[in-house]
1. Testing LYS5 on (1) modelled with pLDDT of 95 or more; (2) out of contact with any strand residue (DSSP E or B) (no Cβ under 6 Å at 6 or more places or on another chain); (3) surrounded by fewer than 14 Cβ atoms within 10 Å (Cβ to Cβ); (4) of a type outside the set (Phe, Trp, Tyr), one condition comes back false. Which one is that?
2. Among residues belonging to the stretch 26-44 that are among the hydrophobic types (A, V, I, L, M, F, W, C) and under 19 Å from the mean Cα position of the chain (by Cα), point out the one that is most open to solvent (accessible area, probe 1.4 Å).
3. In the stretch 73-93, which residue that is exposed (fewer than 13 other Cβ atoms within 10 Å of the Cβ) and acidic (Asp, Glu) is nearest to TYR63 (Cα to Cα)?
Amino acid sequence: MDSTKIGKRSKKKALELNLISPKADYGLLNISCNEVNATVSLNGLVVGFTPCVLRDLPINRTYRIQLVKGRKKAERVIHLRGNDIMNLSLELK
C-alpha cells in the first residue's frame with residue numbers, strides 16, 4: 001500500500017455548464033374556422049383540413065392561408081416570428 005496517498009484529498013474540478021436556450025427557428029400555426037373539414041392551403045399548397053396545426057414553419061416569413069369548403073372561402077396573410085404559436089380563426093363566407 002502506498003502511504004503517500006493516505007490522508008490526501010483528491011482535487012476534482014467543478015464542471016460548469018452554460019445551458020443557453022436555442023434560438024427558435026420554427027413556428028407553429030393553429031388553424032380553425034366555423035366549419036370542419038375545410039381545405040387548408042399554405043401559399044397555394046394544400047396542407048390539411050380544419051381544424052389543423054401546422055408545425056415547424058420557418059420563421060420571419062409571410063404566409064398566405066386559404067380555407068375553402070364548397071363555394072365558401074376565407075383568406076389571411078400572416079407573418080410568423082420566432083418561437084411563435086399563432087392561433088388563427090377564420091370564418092368561411
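The values are calculated or read from the model by the stated rules, or taken from the named source; none is laboratory data. Remember, predicted model here, so these are calculated numbers, not experimental data. A quick note on method: Cβ atoms are made from the backbone with ideal geometry, for glycine too, and the neighbour counts reach across all protein chains shown. Only protein heavy atoms, including side chains, enter the accessible area calculation; ligands, DNA and RNA are left aside. Shrake-Rupley method; radii C 1.70, N 1.55, O 1.52, S 1.80 Å.
1. Every condition holds for LYS5 apart from (1).
2. From the stretch 26-44, those among the hydrophobic types (A, V, I, L, M, F, W, C) are 28-29, 31, 33, 36, 38, 40, 42; that's our starting set.
Those still in the list that are under 19 Å from the mean Cα position of the chain (by Cα) too: 28-29, 31, 40, 42.
On the way: LEU28: 40, LEU29: 0, ILE31: 0, VAL40: 1, LEU42: 23 Å².
Taking the candidates together, the pick is LEU28.
3. GLU75
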